[in-house]
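Written below as structure tokens is the structure these notes are about.
The values are calculated or read from the model by the stated rules, or taken from the named source; none is laboratory data. This one's a predicted model, so the numbers in the text were calculated from it and none came from an experiment. Every residue, glycine as well, gets a Cβ built from its backbone with ideal geometry; the counts of neighbours run over all protein chains shown.
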Amino acid sequence: MGEKEKDMEQPASAYFIEDRHDPIERHTLSVLVDNEPGVLARVIGLFAGRGYNIESLTVSETEHAKHLSRITIVTTGTPMVIQQIKNQLDRLVPVHRVVDMTLVGRSIERELAMVKVRGTGDHRVEALRLADAFRARVIDATVESFVFELTGDSDKIDQFVELMLPLGLVEVSCTGVAAISRGPEGM
């Protein structure tokens, strides 16, 4: 740098400001809640009100006698944002427990998809061949289309859908992620 360029530089600050670029992470959260009206709306409202994204959402009653439901949410954010989400969920009144299945490390995630493909001739044969390779079941068939049922992790579903695009993909319907930890312990 020349003398003139040095003189034009911004003066050094007395405060150290760290330029942080934390990576965006994908986390699966299991939330045990009371099964009562409005609980899901409150959980979704927390995400919407703070601008957090939900990539996948599933809800089901898990303990009928105790009136408890499990909400499984797949979300993305920096580690700090994920921690904020967990803390804020934990403070909601109907929430009994929040478990980050991603950090538990020993969890299984699955998603169910129904994939409709239209095609004849070679495209039809190729769609059936790929479905067999992915262990997808034919749950409906006409002379012009198939509906495949496929279960697996999200990446497997995405790969199958990508391969079906040039073969006549019509539509996809997915359940969202269901997750459970391995081993004898419960949530």
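Some points to look at:
- Residue count, region 26-54 (criterion: in contact (Cβ under 8 Å) with a residue 40 or more places away in the chain and over 19 Å from Gly105 (Cα atoms)): 7
- Residue check, Val138 farther than 30 Å from Ile73 by Cβ and surrounded by fewer than 12 Cβ atoms within 10 Å (Cβ to Cβ): no
- Enumeration of residues in region 104-124 that are at pLDDT 90 or above and either closer than 19 Å to Ser173 by Cβ or under 15 Å from the mean Cα position of the chain (by Cα) (or both): Ile108, Glu109, Arg110, Glu111, Leu112, Ala113, Met114, Val115, Lys116, Val117, Arg118, Gly119
- For region 105-127, a tally of residues being surrounded by fewer than 17 Cβ atoms within 10 Å (Cβ to Cβ) and not in a strand (DSSP E or B) returns 7.
- Filtered by the rule that a residue be in contact with a strand residue (DSSP E or B) (Cβ under 7 Å, 6 or more places away or on another chain) and under 30 Å from Val31 (Cα atoms), region 104-135 gives Val104, Arg106, Ser107, Ile108, Glu109, Arg110, Glu111, Leu112, Ala113, Met114, Val115.
- Positions within region 145-187 being of a type in the set (Asp, Glu), at pLDDT below 95 and not in a helix (DSSP H, G or I), in sequence order: Asp153, Glu185
- Within region 85-103, tally of residues that are part of a helix (DSSP H, G or I) and under 12 Å from His27 (Cβ atoms): 6
- Selection status of Val93, hydrophobic (A, V, I, L, M, F, W, C) and more than 21 Å from the chain's Cα centre (by Cα): yes
- Subset of region 101-137 (residues that are out of contact with any helix residue (DSSP H, G or I) (no Cβ under 7 Å at 6 or more places or on another chain) and hydrophobic (A, V, I, L, M, F, W, C)): Met101, Leu103, Val104, Ile108, Leu112, Met114, Val125, Leu128, Ala131, Ala133
- Filter result (closer than 18 Å to Glu111 by Cβ, without any contact (Cβ under 8 Å) to a residue 60 or more places away in the chain and either small (Gly, Ala, Ser) or in contact with a Lys or Arg (Cβ under 8 Å, 6 or more places away or on another chain) (or both)) within region 134-157: Phe134, Ala136, Val147, Phe148, Glu149, Leu150, Thr151, Gly152, Asp153
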